[in-house]
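In what follows, a structure is listed as structure tokens, so that the remarks can point back to it.
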Amino acid sequence: VEAVLSWTSLLYLEPRLHRLEVRQPMLDIRRDARGQITIACLPLKQDNQQPGAADWVLRQDELTVRDARITWTDDQRGAPALTLTALNLTLQNGLYRHRFGLTATPPADMAGRIDVRGDFKGNDFEHLADWHGQIYANFDYADLAVWRRWIDYPIELPAGHGRLRCWLDVANLQPQALTAS
């Protein structure tokens, strides 16, 4: 872990980071049969009363995770564990602008490298409905039938594979436009 303190800490009278970088973390995320999510065996608070940690992340200039390995186990769905490797995440925050980029490698039978990026404008998670922006996703190859173990599709999809590149515009927590190729 490497951290660089920001000069804005003096301005806001609280520690703020110019940059936080975490290298090669391994993280286990689990949803139990009751729907409780734990991250590294710590329960995730699921009420939206105080989004403290998420808003803290938005106040930091840049957060980076490099070469992570994340395993998702979903006991509620009864799905096998899903492991993403070579996961890289960068989050850059400005005054009201938040950009992120995520790349990861799923198991080869599921998909090729995943590339997801976002550019959003908003203040804090308490006012998430006021946010707007765009998400870009690129899958060089994906087997949609395999992903059904973890994702519910709006239609019956017994088979399907291919490449997908799409842009999704979002405002007020609703999709506004979708462009796909």
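The values are calculated or read from the model by the stated rules, or taken from the named source; none is laboratory data. Just so you know, these numbers come straight off a predicted model, no measurement behind them. Cβ atoms come from the backbone with ideal geometry, glycine included; neighbour counts cover every protein chain shown. For the accessible areas, the whole protein counts, side chains as well, though only heavy atoms, and no ligand, DNA or RNA atoms are used. Shrake-Rupley method; radii C 1.70, N 1.55, O 1.52, S 1.80 Å.
Quick notes on this one:
- Among all positions in the stretch 139-148, there is no residue which is within 17 Å of F100 (Cα to Cα), hydrophobic (A, V, I, L, M, F, W, C) and open to solvent by less than 40 Å² (accessible area, probe 1.4 Å).
- In the condition set (1) modelled with pLDDT of 85 or more; (2) over 28 Å from T73 (Cα atoms), D124 is compliant with all but (1).
Here is a yes/no grid of residues against (1) modelled with pLDDT of 85 or more; (2) not in a loop (DSSP other than H, G, I, E, B):
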site	(1), (2)
L11	no, yes
R19	yes, yes
L27	yes, yes
R30	yes, yes
R34	yes, no
Q49	no, no
D55	no, yes
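- Residues of the stretch 101-134 classified as open to solvent by 30 Å² or more (accessible area, probe 1.4 Å), more than 15 Å from V170 (Cα to Cα) and in contact with a Lys or Arg (Cβ under 7 Å, 6 or more places away or on another chain), total: 2
- D169 fulfils the conditions (1) in a strand (DSSP E or B); (2) modelled with pLDDT under 90 except for a single criterion, (2).
- Qualifying positions in the stretch 89-133 - among the polar types (S, T, N, Q) and farther than 20 Å from A54 by Cβ: T103, T105
- Looking only at residues of the stretch 151-166 that are at pLDDT below 85 and open to solvent by less than 60 Å² (accessible area, probe 1.4 Å), we find that the one that is farthest from V116 (Cα to Cα) is L157.
- Being farther than 30 Å from S6 by Cβ and touching a residue at least 12 places away in the same chain (Cβ under 8 Å) holds for only one residue in G101, G112, G133, G118, and it is G112.
- Qualifying positions in the stretch 3-40 - more than 21 Å from the chain's Cα centre (by Cα) and surrounded by fewer than 11 Cβ atoms within 10 Å (Cβ to Cβ): W7, L10, L11, Y12, L13, E14, A33, R34
- Residues (under 24 Å from V170 (Cα atoms) and touching a strand residue (DSSP E or B) at 6+ places or on another chain (Cβ under 7 Å)) located in the stretch 66-100: N88, L89, T90, L91, Q92, Y96, R97, H98, R99, F100
- Test: residue in the stretch 98-107 that is more than 15 Å from the chain's Cα centre (by Cα) and charged (D, E, K, R): no
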